[in-house]
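A quick write-up on the structure given underneath.
The values are calculated or read from the model by the stated rules, or taken from the named source; none is laboratory data. Note that the coordinates shown come from a computational prediction; the quantities given were computed from them, not determined experimentally. Positions of Cβ are backbone-derived with ideal geometry, glycine not excepted, and every protein chain shown enters the neighbour counts. Ligands, DNA and RNA are excluded from the accessible area calculation, which covers all protein heavy atoms including side chains. Shrake-Rupley method; radii C 1.70, N 1.55, O 1.52, S 1.80 Å.
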Amino acid sequence: MGLYEDNLKGFILALLSSGFIGASFIIKKKGLRRAAAVSGVRAGYGGYAYLLEPLWWLGMITMIVGEVANFVAYAFAPAILVTPLGALSIIVSAVLAHFILKEKLHQLGVLGCVMCISGSVVIVIHAPQESPITSVQEIWNMATQPSFLLYLGSVIVLVFLLIFHFAPRCGHTNVLVFTGICSLMGSLSVMSVKALGTALKLTFEGKNQLVYPETWFFMFIVATCVITQMNYLNKALDTFNTAVVSPIYYVMFTSLTILASVIMFKDWDGQSTGSIISELCGFIAVLSGTILLNSTKDSDRGSSFRGGHAPLSPTLSTGLFSGNGESPKHDEENVLLPEEICLRKQEPY
């Protein structure tokens, strides 16, 4: 299927969103580093000094702008089109991390970026056209169908297990714990954002949806999910390399969101088998690209996945040897301050 008018609007908004969100990862990371250096307590270990850091707030504003564009995109286009375009934010983040945070992007990483872009193009070309929705109550009926309620229950159980069982035990040594919480909650937030965005779109068109309690319930779910996502995303970014967090978060978040959208909104109903296969191939290309991009990053992958030890310093990569055996660059950010040296002695191994 080609680009329909609404799909085109959603596509453009999703592109803008990816640019802002990709840049926000780097800005927030810089803010987290500064806050940790000043306070001596990292966000990954319960510190909230970053709330007083202007650079972190600049990153938050950048992310909010991107999320607003993303929010509006969901009102025009299906999640199966908008969500995979988040791969472009991974590319933006990886390139900026290469130049600003000195987290190297190797040649295979460039190939991964190309695969992400190619897969996104295929998905855009074959994206489905949504059936028109006339009221928020229609979306509520979709959200309360047995198949989606089963998905919802599974997500809630997994999130509680990750937060209360796995996070205290291995949250700081296994990158999948924090990113898993963000991704699971993210899939629910996208469904609620889609519902809320559609309700507001209909309201602006003259069909007031604010009189229905379902609209306000979806708004409450959006707020709850977003607050939870931001909290654990901060923990993930402060504990692990940006180049590790971003691709893994994208892969898990996108996979779960597309699954939730297919269950709730029946995105593939009415599509030809060829279009569905093309979308899956494009999605696989995007996933492969992000995995390839992730595999070429300078990161302490041993501790990220196998739980070798906690990070040694308040900044994410200061004083550490990178995953490929190279020593860290002697740039301004990698010079240990006296208070950082003291903190290294206090942190657990």
Of residues in segment 259-287 being more than 26 Å from Thr198 (Cα to Cα) and either modelled with pLDDT under 85 or aromatic (Phe, Trp, Tyr) (or both), the one surrounded by the most Cβ atoms within 10 Å (Cβ to Cβ): Val286
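Looking only at residues in segment 37-51 that are assigned to a helix (DSSP H, G or I) and over 11 Å from Asp238 (Cα atoms), which one is modelled with the lowest pLDDT?
For segment 37-51, the residue satisfying everything is Ser39.
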query: What helices (runs of 4 or more DSSP H) lie completely within segment 94-181 and have 3 or more residues being assigned by the TED database to the domain that holds Lys30 and under 30 Å from Lys30 (Cβ atoms)?
result: 107-125
statement: Flagged pairs (Cβ under 9 angstrom, 6 or more apart or on separate chains; first in segment 61-85, farther than 20 Å from Val262 by Cα and assigned by the TED database to the domain that holds Ile125; second among the β-branched types (Val, Ile, Thr) and crowded, with 23+ Cβ neighbours inside 10 Å) are Thr62/Ile21; Met63/Ile21; Val65/Ile21; Gly66/Ile21; Glu67/Ile21; Glu67/Val193; Ala69/Ile21
Filter pass, His106 being farther than 26 Å from Lys9 by Cβ and more than 22 Å from the chain's Cα centre (by Cα): yes
field: Residue list for segment 163-198, restricted to those being among the small types (Gly, Ala, Ser) and farther than 18 Å from Asn231 by Cβ
entry: Ala195, Gly197
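Matching residues to (1) open to solvent by 40 Å² or more (accessible area, probe 1.4 Å); (2) out of contact with any helix residue (DSSP H, G or I) (no Cβ under 7 Å at 6 or more places or on another chain); (3) modelled with pLDDT of 90 or more:
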{"site": "Thr144", "(1), (2), (3)": "yes, yes, yes"}
{"site": "Phe148", "(1), (2), (3)": "no, no, yes"}
{"site": "Ile156", "(1), (2), (3)": "yes, yes, yes"}
{"site": "Ser187", "(1), (2), (3)": "no, no, yes"}
{"site": "Ala223", "(1), (2), (3)": "yes, yes, yes"}
{"site": "Asn234", "(1), (2), (3)": "no, no, no"}
field: Residue match in segment 20-35 (condition: open to solvent by 70 Å² or more (accessible area, probe 1.4 Å), in contact with a helix residue (DSSP H, G or I) (Cβ under 8 Å, 6 or more places away or on another chain) and outside any helix (DSSP H, G or I))
entry: no
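Quick one: in segment 60-103, which of the residues that are charged (D, E, K, R) and open to solvent by 20 Å² or more (accessible area, probe 1.4 Å) is nearest to Tyr250 (Cα to Cα)?
So the residue we want is Glu67.
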